[in-house]
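**Student:** To start, I am sharing the structure in question, which I have written as structure tokens.
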Amino acid sequence: MAGLSAYRDQHFKGSRKDLEKKLEDSTTLYVGNMSFYTSEEQLYELFSKSGDVKRIIMGLDRNNKTPCGFCFVEYYFREGAENAVRYVNGTRLDDRVVRTDWDAGFEEGRQYGRGRSGGQVRDEYRSDYDIGRGGWGKRLLQEKNRSHDHFDMED
């Protein structure tokens, strides 16, 4: 499966063999490393160059329902998804290099971020400032707030 998908949905219900079969037949892609400001219209314009897009499901922060840097793109046919993996993966969209990977198929609920703060897990641990991904990483922001609170108490 290493050649088929580097991404592994930790919540997939089924065996590794079940997952491999779904990925082989899938017409759905996971798209990551997106700007929080990328619109569904921009995604449709980019991904429809590879084939007929059935639907785009924006990834949302679980708590405030705002975009959080990922989406699912579902094609009508496998060929369109294969073209997107081949030609769209690694291209720039909103000044970000987007990643595409095979997905076993969208199911309701997967559009929400799984991080503690409601967004993506990877944004919890980022230590840089990235305006396209909501500013500072959540963990770093919490540490800064804690040290600021501690400083205030010493005054």
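The values are calculated or read from the model by the stated rules, or taken from the named source; none is laboratory data. Keep in mind that what you see is a predicted model, and the values were worked out from it rather than measured. Heads up, the Cβs are rebuilt from the backbone with ideal geometry, glycines too, and the neighbour counts pull from every protein chain shown. All accessible areas refer to the heavy atoms of the entire protein, side chains included, with ligands and DNA or RNA removed. Shrake-Rupley method; radii C 1.70, N 1.55, O 1.52, S 1.80 Å.
**Student:** Considering only residues that are in a loop (DSSP other than H, G, I, E, B) and in contact with a Gly (Cβ under 6 Å, 6 or more places away or on another chain), look in region 27-51 and name the one that is nearest to Y87 (Cα to Cα).
**Tutor:** Among them, the one singled out is S50.
**Student:** Quick one: in region 93-111, which of the residues that are closer than 27 Å to E24 by Cβ and open to solvent by 70 Å² or more (accessible area, probe 1.4 Å) is modelled with the highest pLDDT?
**Tutor:** In this case the residue turns out to be R99.
**Student:** Looking at G90, G118 in this structure, which one is open to solvent by less than 70 Å² (accessible area, probe 1.4 Å), at pLDDT 85 or above, more than 17 Å from Y37 (Cβ to Cβ) and assigned to a loop (DSSP other than H, G, I, E, B)? Quick ask: steps written out before the conclusion?
**Tutor:** On the way: G118 fails: at pLDDT 85 or above.
Answer to the selection: G90.
**Student:** Report, by residue number, each residue of region 63-84 that is surrounded by fewer than 16 Cβ atoms within 10 Å (Cβ to Cβ) and assigned to a helix (DSSP H, G or I).
**Tutor:** R78, E79
**Student:** Looking at (1) out of contact with any Asp or Glu (no Cβ under 7 Å at 6 or more places or on another chain); (2) open to solvent by 10 Å² or more (accessible area, probe 1.4 Å), find the lone condition where I56 falls short.
**Tutor:** Evaluating I56 over (1) out of contact with any Asp or Glu (no Cβ under 7 Å at 6 or more places or on another chain); (2) open to solvent by 10 Å² or more (accessible area, probe 1.4 Å) leaves (1) as the failure.
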